[in-house]
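See below for the structure under consideration.
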Amino acid sequence: MVKTNAQKKKNILVVGNWKMHPGTQAEAIILLETLNRNIKSKTPYATVVVCSPTLFMVGLQKSLKKGRTLLGAQDGFFDDTAPHTGETSVAMLKTVGVSHIIVGHSERRSHGEDDQLIAKKVSAVLQGGLTAIVCVGEKERDVHGDYFTFIEKQVKSLLQTVKKAQLPRLVIAYEPIWAISGGNGHGKTATPEDAYEMKLFIQKVITDTLDRSAVSKVRVLYGGSVNEENAEGFIHEGKTDGFLIGGASLKPADFTKIVYISDIYGN
Ligand code: PGA
């Protein structure tokens, strides 16, 4: 049977990372409802996830039911038995319908999260039946290409506790820290070629660590100053499997455009 273009397309994963925004529950609801109205059922080839602050998740339940946006968390703790002041466990996040959890974002790594802790969190998310979006990325690039060794170490470490059957729920988000807007990044944008080269490298590390068949099961996203203007390039030349989006995810019109572009041009 000849496949239509639509059938050939791979679903692109578009993840909005709201970080510590917006400031109130009411604003969070407006943000999600606006997105719901914009994307409704018009974009079947893009899977859309918004990672809201934990505090707002209960208040977003009604709006989530009305739309097709999935709920993600920005972090999840690996243990749900012992006392851990201030933490929210993967099991707790599940009770409010969270399906995806970001692990090891560079902004958390900068507060001391190391590869060991991140591997434990990845394992907990996958064992809990959820999808782990694990961030890797170098602080800066050096002319000798040592940053490849750095990424290799991060990827190998996160793979150590992943079981084969869990691979389809493992997503690796390549976010070069120097390209993340605000915070620790410098807001420079990586080129689609930079993203593609790193995607291929990450896939090679997956092959070397596990085996070749694992590569097609793990999505590799790009993140770092993604916007409505550069998204298409990251899909076409960058061959990305999706996006992790900070700043633009708080602007409904811009985020919607990225969802549309992902839906139309999915690889
Ligand atoms: P940015 O953030 O899109 O604002 O650069 C990305 C991220 O930190 O996940």
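The values are calculated or read from the model by the stated rules, or taken from the named source; none is laboratory data. As the structure is a computational prediction, the values presented were derived from the model and not from experiment. Cβ coordinates were reconstructed from backbone atoms using ideal geometry, including for glycine residues, and neighbour counts include every protein chain displayed. SASA here: full protein model, heavy atoms, side chains in, ligands and nucleic acids out. Shrake-Rupley method; radii C 1.70, N 1.55, O 1.52, S 1.80 Å.
Using only helices, what value at 222 nm comes out for the chain when you add -39,500 (n - 2.57) per DSSP H run of length 4 or more and divide by the total residues, to the nearest 500 deg cm²/dmol?
Helix-only estimate at 222 nm: -11000 deg cm²/dmol.
Just to confirm, what accessible area per residue do you get for region 1-114 at 1.4 Å probe, in whole Å²?
With the other protein chains kept in place, region 1-114 gives 53 Å² per residue.
Percent of accessible area on region 123-267 owned by carbon and sulfur, 1.4 Å probe?
Carbon-and-sulfur percentage of accessible area, whole number: 53.
Mind ranking 214-224, 83-93 by how tightly packed they are, going by the mean number of other C-beta atoms within 10 angstrom, highest first?
214-224, 83-93
Where in the chain are the DSSP H helices whose alpha-carbon span along the long axis reaches 30 Å or more and whose Kyte-Doolittle mean is at least 0.5?
none
Can you give the direction-averaged projected area of the convex hull of the alpha-carbon atoms in region 28-157, in nm²?
9.8
For the chain, how big is the tail of P(r) above 27 Å, as a whole percent of Cα pairs?
34
Would you mind getting the Kirkwood hydrodynamic radius of region 221-267 from its Cα pairs, rounded to one decimal in Å?
10.2
For the pair Thr95 and Lys251, how long in nm is the line joining their label points, each one 7 Å along Cα→Cβ?
Each label point lies 7 Å from its Cα, and together they span 3.8 nm.
Leaving out ligands and nucleic acids, note down the accessible area per residue over region 176-267 with a 1.4 angstrom probe, in whole Å².
41
Can you tally the net charge around Asn36? Count Lys and Arg as +1, Asp and Glu as -1, for every other residue whose Cβ sits under 9 Å from the Cβ of Asn36.
Once all neighbours under 9 Å are counted, the net charge is +3.
Starting from the 7 Å offset along Cα-to-Cβ, what nm value, one decimal, do you get for the label separation of Leu200 and His21?
3.4
To the nearest 20 Debye, how big is the dipole of the chain about its Cα centre, given +1 on the beta carbon of each Lys and Arg and -1 on that of each Asp and Glu?
Roughly 1260 debye for the chain.
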